[in-house]
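The values are calculated or read from the model by the stated rules, or taken from the named source; none is laboratory data. Note that the structure is predicted; figures quoted are calculated from it, not measured. Neighbour counts run over all protein chains shown; Cβ positions are idealised from the backbone, glycine included. Only protein heavy atoms, including side chains, enter the accessible area calculation; ligands, DNA and RNA are left aside. Shrake-Rupley method; radii C 1.70, N 1.55, O 1.52, S 1.80 Å.
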Amino acid sequence: MGSRALSNDLFLRACRREKLDRPPIWIMRQAGRYMPEYQEIRKKTTFLGLCKTPELATQATLLPIDLLGLDAAILFSDILIPLEAMGLALEFTEHKGPRFPEPVRSDADIDRLTVPDARKTTGFVAEAIRLINQRLAGRVPLLGFSGSPFTLATYMVEGETSKEFTRVKRLMFGNPKGYRALMEKITETVIGYLEMQIEAGIHAYQLFDTWAGSLSADHYREYALPYTQEIVRALSRHGIPSILYVNGTCALLEDMNRAGTDVLSIDWRLPMDRAIPRVPPEKVLQGNLDPVVLLSTKDTLESEARRVLKAVGTRPGHIFNLGHGILPDTPMEMARHLVKIVKNGL
Ligand code: CP3
């Protein structure tokens, strides 16, 4: 579905850096546990069950559109889904998050991983995308997404969310050949996975390289960026907008710019007015309210949201978002208030 068929195409116009009266707003992790209505859907199955049932994933995707009036929908899924398709068993334990019980620890483990046929192994994602677009009926654009290879490798090697990333960095520094082989398999998988999403009808895609902020700028350039560049290059022929998110943007912004995405999504640490001079004028910026502000008062939320809007000023090409995912204990009323502030403008 082309952008002409959309009744609200503010998001796509911001990606094209058109001059707008207000920025579009969507929220990372916008369909999540902070919503009682999400909890209701979630009660019906496990988290993975939810991701793999197109009807339920569609319902979850639509919640923040119907309840908050955001300007873009994002496919309800998880960045770890294609890793299971590569042959790694995946578990989500209540309260503890994702776990790979048999993580990648040796060359033999890397050799065993397959580059899956996305349609055969993750066809439920394509089916969800088609169903979501049917139900959206052109109200807003739909974003697809994938993890970026480095962040996916952290989960595959560490086996869970990590703080220090010791194992994956040991592989990277100590066995560069094995690391490269792993990253190449992940990159190929991600390209096929996003090709499938594009074919199914997404209007834009975001690459989450959440944990690349654990790398120095030199190491990011050497060990993470080339794979992200390869994905962006491979998908560029489709002509849909691309977004790159990293948590820990400050040290990496100039190098993130070299990934070639249309949009850079920045965390909350770097104020927009300091980010702007560090990127070329044609780059769109997304962000960057601190998610914890939503746990404070409406007054604070107003002044902090305005701080972001003021820091961007009249520069075209801004998508309002948080600097990371919305937190599970965020009151719905605060999320609703944020949307109202951004829609009313400065
Ligand atoms: O943005 C959206 O609403 C789309 C859905 C989405 C989810 N995860 C749903 C989810 C997206 C885009 C993601 C991306 C994701 N998943 C990232 C990158 C973005 C980021 O936040 O840094 C990462 C690192 C993951 C891996 C992951 N999934 C973790 C670490 C966890 C556990 C921690 C947590 O927040 O719960 C998940 C689970 C998860 N992914 C939930 C949701 C709604 C909660 C699961 C539940 O309902 O029990």
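So which of Glu254, Glu304, Glu282 ends up being among the acidic types (Asp, Glu) and within 17 Å of Ile25 (Cβ to Cβ)? Break it down into steps so the answer makes sense when it comes.
Values: Glu254 fails: within 17 Å of Ile25 (Cβ to Cβ); Glu282 fails: within 17 Å of Ile25 (Cβ to Cβ).
Testing whether each residue is among the acidic types (Asp, Glu) and within 17 Å of Ile25 (Cβ to Cβ) leaves just Glu304.
In the list Ile79, Ile129, which residue meets the criterion of being assigned to a loop (DSSP other than H, G, I, E, B), within 14 Å of the ligand (Cβ to nearest atom) and hydrophobic (A, V, I, L, M, F, W, C)? Steps first, please.
Details: Ile129 fails: assigned to a loop (DSSP other than H, G, I, E, B).
Within the list Ile79, Ile129, the selection yields Ile79.
Count of the range 244-300 residues, restricted to those that are touching a Pro at 6+ places or on another chain (Cβ under 9 Å), open to solvent by 10 Å² or more (accessible area, probe 1.4 Å), among the hydrophobic types (A, V, I, L, M, F, W, C) and under 23 Å from Val232 (Cβ atoms), is 0.
Could you tell me whether Asp71 is more than 13 Å from the ligand (Cβ to nearest atom), in a loop (DSSP other than H, G, I, E, B) and open to solvent by less than 50 Å² (accessible area, probe 1.4 Å)? Yes, satisfied.
Consider Gln206 carefully, then state whether it is within 17 Å of Ile79 (Cα to Cα) and part of a helix (DSSP H, G or I). For Gln206, the condition - within 17 Å of Ile79 (Cα to Cα) and part of a helix (DSSP H, G or I) - is not met. If you check Ser146 against the conditions, is it within 14 Å of the ligand (Cβ to nearest atom) and open to solvent by less than 10 Å² (accessible area, probe 1.4 Å)? Here the answer is yes, as Ser146 does meet what is asked.
Tell me, which residue of the range 212-248 that is within 14 Å of the chain's Cα centre (by Cα) and of a type in the set (Ser, Thr, Tyr) is nearest to the ligand (Cβ to nearest atom)? It would help to see each step written out before you state the result.
Looking only at the range 212-248, we keep the residues that are within 14 Å of the chain's Cα centre (by Cα), and these are 212, 228, 241-247.
Pick out the ones that are also of a type in the set (Ser, Thr, Tyr) and you get 228, 242, 245.
Details: Thr228: 14, Ser242: 15, Tyr245: 7 Å.
Ranking the candidates gives Tyr245 first.
Identify, from the list Arg274, Arg269, the residue that is touching a Gly at 6+ places or on another chain (Cβ under 8 Å) and either in a helix (DSSP H, G or I) or without any contact (Cβ under 8 Å) to a residue 60 or more places away in the chain (or both).
Numbers: Arg274 fails: touching a Gly at 6+ places or on another chain (Cβ under 8 Å).
Only one candidate passes the filter, namely Arg269.
Within the range 318-346, the residues that satisfy the criterion of being among the hydrophobic types (A, V, I, L, M, F, W, C) and either surrounded by fewer than 19 Cβ atoms within 10 Å (Cβ to Cβ) or not in a loop (DSSP other than H, G, I, E, B) (or both) are Ile319, Phe320, Leu322, Leu327, Met332, Met334, Ala335, Leu338, Val339, Ile341, Val342, Leu346. Of the residues making up the range 104-126, those that are within 30 Å of Met172 (Cβ to Cβ) and assigned to a helix (DSSP H, G or I) are Asp107, Ala108, Asp109, Ile110, Asp111, Arg112, Ala118, Thr121, Val125.
The single condition from (1) within 8 Å of the ligand (Cβ to nearest atom); (2) surrounded by 16 or more Cβ atoms within 10 Å (Cβ to Cβ) that Cys15 fails is (1). Condition check: within 15 Å of the ligand (Cβ to nearest atom) and either without any contact (Cβ under 8 Å) to a residue 12 or more places away in the chain or out of contact with any Phe, Trp or Tyr (no Cβ under 8 Å at 6 or more places or on another chain) (or both). Does Glu94 satisfy that? Yes: the conditions hold for Glu94. In the set (1) in contact with a Leu (Cβ under 7 Å, 6 or more places away or on another chain); (2) part of a loop (DSSP other than H, G, I, E, B); (3) hydroxyl-bearing (Ser, Thr, Tyr), the condition left unmet by Ser146 is number (2).
Is it the case that the range 43-63 has a residue that's more than 16 Å from the ligand (Cβ to nearest atom), crowded, with 21+ Cβ neighbours inside 10 Å and within 21 Å of Ile132 (Cα to Cα)? No, the range 43-63 contains no residue that is more than 16 Å from the ligand (Cβ to nearest atom), crowded, with 21+ Cβ neighbours inside 10 Å and within 21 Å of Ile132 (Cα to Cα). Scanning the range 6-23 for residues that are over 19 Å from Thr261 (Cα atoms) and aliphatic (A, V, I, L, M) yields Leu6, Leu20. Among the residues of the range 150-168, those that are away from the ligand (no atom under 13 Å from the Cβ) and either touching a residue at least 24 places away in the same chain (Cβ under 8 Å) or surrounded by fewer than 16 Cβ atoms within 10 Å (Cβ to Cβ) (or both) comprise Val157, Glu164, Thr166, Arg167.
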